[in-house]
């Protein structure tokens, strides 16, 4: 505790020591905000809007359940890093070489396709706001700005920018939800679990989509980059994680409110995919005027670009650890900060330049199938390996899973297996 207090700061304050420590913990919140801002992208907003437009508030309970599941997943990832002093990739390698084979294939294909998706998603609102350049040009500029930012930046600046972006997202989307004047009674009724006809897939998507991507595995690396490297930071990490996902939950609930009150009652449907947010822009312009629609496009951009930055930085850290762990297993020591290493910069380049081909040509069917099939397996892989690692002797006894953590992680694994099967069925149809 003395070490934790020293790390939390040395400012003199007349309030009791416990009060000072709690206040400083709040000031330290950051890595959770980063992972939440990265994981919630434009596609999640569209999925939530469509669920609201089709089923009103009936699936609100699924959003709340999704927040609980993601808190458990992120907490388990952070707990592994802090309790063991090693990274999640070291844990995966201890489970067998199969984890490295899967990760290598997955991260190569996923990064290639996601790079194009992220650049295009960031470009859509920019092309609508500033039509002086075509969509493809805005996409390439977005990728290059992201590349420069993570190439020359550091974690401290990265966290501040990500916090600012999620602040913009939060204020605009929650403000929009207030603007549509939600029905409070109907909203609260959505907390009662029920499944309207035809809602099963949307329900699973809402539970699984509240900030759930490969970047959840990057949370432990951002925890370490913050300077939290041992179990003395466990309480701070847990506070950080809860604040982040509760904030994300409020954000997603606000989008559901917009879908339920603005679209469901009017019988309006949106285009599937990120372009559905451009449909909403036109609806907002007709109902509330250009100022509101412009602010929404700014929020759309903040949502998309924060995901781009988070992946460019976080997944590159994962890839760097993958390479370094393999080298260290062969007796080759790695030196210097990860953010300045060749593997880190190499993967950032992989995310930026090869996907530009897809920006111009579209996404070839074979690549999309492979991406979807591999991507659908990642979250079950993460949940099940965390159950394995955190119930074994690899984890100090006091930090192993309790019944609640095990229950939520197993539930998450089952949920994502069902979503995985649904994804594969959809790809095969």
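The values are calculated or read from the model by the stated rules, or taken from the named source; none is laboratory data. Predicted model only: the values in this text are computed from it and were never measured. Methodologically, a virtual Cβ is constructed for each residue, glycine included, from the backbone with ideal geometry; neighbour enumeration extends over all protein chains shown.
Table for the structure above
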| quantity | calculated |
| --- | --- |
| Test: residue in segment 48-56 that is in a loop (DSSP other than H, G, I, E, B) and surrounded by fewer than 24 Cβ atoms within 10 Å (Cβ to Cβ) | yes |
| Residue ID - surrounded by the most Cβ atoms within 10 Å (Cβ to Cβ), chosen from residues in segment 134-152 that are without any contact (Cβ under 8 Å) to a residue 40 or more places away in the chain and under 30 Å from residue 224 (Cβ atoms) | 145 |
| Test: residue 125 is under 30 Å from residue 59 (Cα atoms), touching a residue at least 12 places away in the same chain (Cβ under 8 Å) and not in a helix (DSSP H, G or I) | no |
| Selection from segment 57-71 of residues that are part of a helix (DSSP H, G or I) and more than 14 Å from the chain's Cα centre (by Cα) | 60, 61, 62, 63, 64, 65, 68 |
| Some residue of segment 70-89 being surrounded by fewer than 21 Cβ atoms within 10 Å (Cβ to Cβ) and on the phi > 0 side of the Ramachandran plot | yes |
| The listed residue being over 20 Å from the mean Cα position of the chain (by Cα), assigned to a helix (DSSP H, G or I) and at pLDDT 95 or above, out of 358, 309, 349, 295 | 349 |
| Residue within segment 378-387 that is surrounded by fewer than 17 Cβ atoms within 10 Å (Cβ to Cβ) and either part of a helix (DSSP H, G or I) or modelled with pLDDT under 95 (or both) present | no |
| Residue count, segment 314-340 (criterion: farther than 21 Å from residue 106 by Cβ and either modelled with pLDDT of 80 or more or in a helix (DSSP H, G or I) (or both)) | 4 |
| Candidate set from segment 363-377 (those that are over 27 Å from residue 67 (Cα atoms) and in contact with a helix residue (DSSP H, G or I) (Cβ under 8 Å, 6 or more places away or on another chain)); member that is modelled with the highest pLDDT | 363 |
| Residue identified as within 20 Å of the chain's Cα centre (by Cα), in contact (Cβ under 8 Å) with a residue 24 or more places away in the chain and either closer than 17 Å to residue 316 by Cα or surrounded by fewer than 14 Cβ atoms within 10 Å (Cβ to Cβ) (or both) among 223, 243 | 223 |
| Qualifying residue in segment 184-200 (condition: part of a helix (DSSP H, G or I), surrounded by 19 or more Cβ atoms within 10 Å (Cβ to Cβ), more than 17 Å from the chain's Cα centre (by Cα) and touching a residue at least 60 places away in the same chain (Cβ under 8 Å)) | no |
